[in-house]
1. If only one of 73, 85 is assigned to a loop (DSSP other than H, G, I, E, B), surrounded by 14 or more Cβ atoms within 10 Å (Cβ to Cβ) and outside the structural domain of residue 159 (by TED's automatic domain parsing), which one is it?
2. Since residue 180 meets every condition but one in (1) of a type in the set (Asp, Glu); (2) farther than 21 Å from residue 61 by Cα; (3) at pLDDT below 90, which condition does it not meet?
3. Does any residue of the range 155-171 turn out to be more than 15 Å from residue 70 (Cβ to Cβ) and of a type in the set (Gly, Ala, Ser)?
4. Which residues, taken from the range 68-98, are touching a residue at least 40 places away in the same chain (Cβ under 8 Å) and among the β-branched types (Val, Ile, Thr)?
5. Looking at residue 52, is it closer than 16 Å to residue 94 by Cβ and either assigned by TED's automatic domain parsing to the domain that holds residue 106 or touching a residue at least 24 places away in the same chain (Cβ under 8 Å) (or both)?
Amino acid sequence: MSVILAATDQPALAETFGVELERVGHTVHLFASGRNSLDALGTDSFDVAVLDLSLPDIDGFEVARQIRLRSEIPIIMIVESPEDIDDAPPRVASDFAINPLDARSLDSRITSLLRSTPTPQTDKRERHGELTIDRRSMTATIRRRRLDLTRTELRLLLEMSMHPGHVYSRTQLLAKVWGETNSTKTRAVDANIQSLRSKIESDPANPKYIKTVRGFGYRFGPID
């Protein structure tokens, strides 16, 4: 059976995830918050994620988006109404299920998804000049030297390198990486960009990876 990353703080769903799915043969790693489930991606390997939309810290859509930066595993989103499905960002989830639901129907969805999902490639490394990013192990190296990045620096790098050449405003990065909508905190973006540059750029004053677009924000590459 499969290894499941499950996230909910609702007791009834936790019972379905943590007890009933294991009863039918799955191994379930259950977390009560979005941040804890994302942290687990860095240490464990999963076949599928089952996420409650209504998590206490980060909503399930944002957790799914963060998972997509790092992994190709299928994602089942548990929602409360058809309207939640209508409001979902495009391609954020592989399937949706409306709560309440039972373990049998959820097991059926998991099995169906795993049968229809191609086996992911084992090599998830991306090469950008001398910089190599491995989304599976969540590491980055320069000339085979592993970089000591903070969690925020790594999230910035993962986000921006997904779309080389795309210009991000400070407000967009604040929302995507920090989950913040308070535009007064954009100085945190500048500080972390500066710190990230000091680790990945041979000449931070003339960066080739993370470039400033004056009047707009930052972009990753393209690498010359």
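The values are calculated or read from the model by the stated rules, or taken from the named source; none is laboratory data. It should be emphasised that the depicted structure is a prediction, and the values quoted were computed from it without experimental measurement. A quick note on method: Cβ atoms are made from the backbone with ideal geometry, for glycine too, and the neighbour counts reach across all protein chains shown.
1. Of the residues listed, the single one that is assigned to a loop (DSSP other than H, G, I, E, B), surrounded by 14 or more Cβ atoms within 10 Å (Cβ to Cβ) and outside the structural domain of residue 159 (by TED's automatic domain parsing) is 73.
2. (2)
3. The answer is yes, given that some residue of the range 155-171 is more than 15 Å from residue 70 (Cβ to Cβ) and of a type in the set (Gly, Ala, Ser).
4. 73, 78
5. For residue 52, the condition - closer than 16 Å to residue 94 by Cβ and either assigned by TED's automatic domain parsing to the domain that holds residue 106 or touching a residue at least 24 places away in the same chain (Cβ under 8 Å) (or both) - is met.
Okay, residues lined up against (1) closer than 28 Å to residue 180 by Cα; (2) in contact with a strand residue (DSSP E or B) (Cβ under 7 Å, 6 or more places away or on another chain):
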position	(1), (2)
5	yes, yes
17	no, yes
28	no, yes
49	yes, yes
72	yes, no
